[in-house]
Amino acid sequence: MPLLQSLSVKSGKILIWQIIPEETFSRYGHITHANAKKQLEKRAIQALCHQELGIDFQGIEYLDSGKPYIKGVQGFSLSHCYPYCAIFVSTEMAEIGIDIENPAQKLHDVRTKFLSDKELRKLPLTLPYLQAYWCAKEAVYKSLSEQAGIYLLDIYISSVKTLKNGFSMLLVVQDKTIQVKTFLLPNGTLCAYTLAV
């Protein structure tokens, strides 16, 4: 499994791996999942943790809020969306979030589930923007999800700036403004990450 990208940012390090279906992960133990792609994604996260971070991976756990984490590891966020997996490790022990998402028409169908009426009136709604909004809100949600009662509709996109290879956004939740940056991976997959909260 090749390390596709390693990016140092103000609050930590982001690692993006490309999943290759023919790979074997047998040396990392056994993870099973009914969905073959989900199984590959989880095995890739396990390998990435072990090879790049030296973390003794015991599986992905989930908080009541749904936030994924690795037991015993702080300042850590992860995401997987075939054929990529991403890990964001904080150097400042900050609450951070990362999300990756493939471009998909379903984002048009579910936009009212993650964009408020005000956002729907104010923001561009083409697929690249919807993909960026979804990823940005998911990254913010992951950075704050230990706080009960936060939903994607509670996170408001206050500004969007188009960059050469993605977007820079400011999102507001509970009187807190959080900056999110995005960048494109091959095949149109988008990665969004929060800057230190």
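The loop-placed GluC sites (Glu not before Pro) in region 108-197, going by DSSP, that have at most 13 neighbouring Cβ atoms within 10 Å of their Cβ come out as E146. Value of Rg to Rh for region 100-194, rounded to two decimals, is 0.93; Kirkwood radius and Rg both from alpha-carbon coordinates. Within the chain, the percentage of alpha carbon pairs spaced more than 31 angstrom apart rounds to 15%. Taking the C-alpha atoms only, the angle from helix 127-144 to the longest principal axis of the chain is near 70 degrees. If you fit an axis through the alpha-carbon atoms of helix 36-53 and take the longest principal axis of the Cα set of the chain, what angle between them do you get, 0 to 90°, nearest 10? The two axes meet at around 80 degrees. With a cut-off of 20 Å on the backbone N, the residues of region 124-142 near the modelled label site 7 Å out from L195 along Cα-Cβ are 132-142.
When the helix-only estimate is applied to the chain (DSSP H runs of n ≥ 4, each -39,500 (n - 2.57), divided by the residue count), what is the mean residue ellipticity at 222 nm, nearest 500 deg cm²/dmol?
Working: 5 runs with 50 residues, N = 197.
Only helices count here, giving -7500 deg cm²/dmol.
Readers should treat all values here as calculations from the given coordinates under stated rules, not as data from a laboratory. Note that this is a predicted model, so its numbers are computed, not measured. With ideal geometry, Cβ positions are generated from the backbone for all residues, glycine too; neighbour counts draw on all protein chains shown.
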